[in-house]
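Below is one structure, written out as structure tokens, with a few remarks after it.
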């Protein structure tokens with residue numbers, strides 16, 4: 001295998017899972033895309049040193065991890081609004097966007113583990129990976145090399161000596177780093193979610209709650225939304241630093257932005273179901289006053305428990321809509337097809 005075309009064809013089947021790996025390391029969908037390209041370029045340039053010493057997947061993961069460690073050198077961790085400040089008072093004016101390193105969502109449509117081949121038994125570990133925001137946020141608290149060790153060992157199932165070859169340490173130092181990393185993760189993870197394992201797929205109940213929520217938002221129905229919110233619900237919308245805790249605070253904030261007579265009126269909404277980080281999500285489009293079309297506004301990941309919405313993390317990043325295969329705009333006359341089975 002010496003020509004670039006043959007190499008590209010060989011590694012293309014790994015592109016999706018490498019994107020997931022880089023995203024988990026970086027917490028950024030945009031940067032993960034760039035790091036996959038950097039990984040494949042490094043792999044091509046270093047092909048003469050490969051010579052089948054490991055599987056192609058292992059070699060590419062090692063290359064991707066090192067590319068991510070280089071990218072993370074000196075970087076601040078990515079966060080969500082509730083990591084930065086206490087909950088906001090809806091009666092006070094909200095600050096504008098804050099350009100810090102925010103965590104980004106990952107489209108479910110691009111997260112499809114590749115079935116393992118008989119010559120790559122380690123590929124089965126890909127199915128054990130989790131993409132929940134809680135894990136992505138928690139792992140951001142780890143130094144980059146601890147982060148890499150946890151992902152390679154706990155998510156991908158690599159033995160400590162193999163991890164040590166990537167993070168430039170001994171097997172003993174890797175095991176010590178893993179112990180410290182797991183203790184840190186337990187401090188930042190929800191109860192009973194301290195194990196690195198995928199969450200259950202969305203249930204019919206979660207999908208039904210999502211549909212009811214989207215319909216209520218489209219109607220501007222505060223009472224309908226209130227019916228769906230847990231008493232201790234939390235809502236965030238990066239890159240805006242404010243966040244709200246509790247049903248009353250969330251409804252007070254919505255009442256202002258949904259009131260056509262208010263100077264803070266946002267506009268009318270249309271919603272489409274989608275999926276992000278393994279959870280149901282809603283893509284919100286807004287029609288500003290005086291406009292004819294609904295433009296991309298935010299992608300909200302909705303967490304549901306016991307029939308109520310416990311958390312909504314709405315990413316106000318319209319530039320991410322193409323990655324979710326979402327329409328560039330909507331109109332009242334033409335409804336776009338739902339791009340997700342979460343409908």
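Compute the angle between helix 247-257 and the longest alpha-carbon principal axis of the chain, please, reported from 0 to 90 degrees and rounded to the nearest 10.
Result, in degrees: 70.
Summing -39500 (n - 2.57) over the DSSP H runs of n ≥ 4 in the chain and dividing by its residue number, what mean residue ellipticity at 222 nm do you reach, to the nearest 500 deg cm²/dmol?
The helix contribution divided over the chain gives -11500 deg cm²/dmol.
Between 0 and 90 degrees, rounded to the nearest ten: what's the tilt of helix 56-72 against the longest Cα principal axis of the chain?
Computed tilt is about 60 degrees.
Among 172, 281, 216, which one shows the biggest mean-square fluctuation in a GNM of the chain, springs joining Cα atoms closer than 10 Å?
Of 172, 281, 216, the most mobile in the Gaussian network model is 172.
Take every Cα pair under 8 Å in the chain that's 6+ residues apart, average their separations, divide by the length, and report that relative contact order as a whole percent.
Answer for the chain is 16 percent.
Taking the Cα atoms only, what angle lies between the long axis of helix 204-219 and the longest principal axis of the chain, rounded to 10 degrees?
Once rounded, one gets 50 degrees.
Per residue, what volume in Å³ does the Cα convex hull of the stretch 204-324 take up?
Given the Cα convex hull of the stretch 204-324, per-residue volume reads 103 Å³.
Percent of alpha carbon pairs in the chain separated by more than 25 Å?
55 percent
Roughly how many whole Å is it from the C-alpha centroid of the stretch 254-330 to that of the stretch 1-80?
Spelled out, the Cα-based centre of one part sits 32 Å from the other.
If I stretch the segment between residue 12 and residue 183 completely, what's the gain in nm (0.36 nm per residue apart, minus their alpha carbon distance), one decimal?
Length gained between residue 12 and residue 183: 57.9 nm.
Quick one: compute the contact order of the stretch 189-335, relative version, from alpha carbon pairs under 8 angstrom and 6+ residues apart, as a percent.
Normalised by residue count, the contact order of the stretch 189-335 is 22 percent.
Determine, from the Cβ-Cβ distance of residue 170 and residue 200 and an R0 of 41 Å, the FRET efficiency 1/(1 + (r/R0)^6), rounded to the nearest 0.05.
Here the calculated transfer efficiency is 0.65.
Out of the DSSP beta bridges found with both residues in the chain, what percent are antiparallel (nearest 5)?
Restricted to the chain, the bridges split so that about 85 percent are antiparallel.
Report D for the stretch 159-252 in µm² per second (integer): Stokes-Einstein, Kirkwood Rh on Cα pairs, 37 °C, 0.692 mPa s.
In µm²/s, the coefficient rounds to 189.
Hey, fewest Cβ within 10 Å first, where do 110, 326 land in order?
By the 10 Å Cβ count, ascending: 110, 326.
Out of all Cα-Cα pairs in the stretch 4-188, roughly what percent, to the nearest whole number, are more than 19 Å apart?
Considering the stretch 4-188, 61 percent of its Cα-Cα pairs are separated by more than 19 Å.
Throughout, read-outs are computed from the coordinates displayed, never taken from laboratory work. Values in this document were obtained by computation on a predicted structure and should not be read as measured data. Cβ sites come from the backbone with ideal geometry, for glycine too, and all protein chains shown count toward neighbours.
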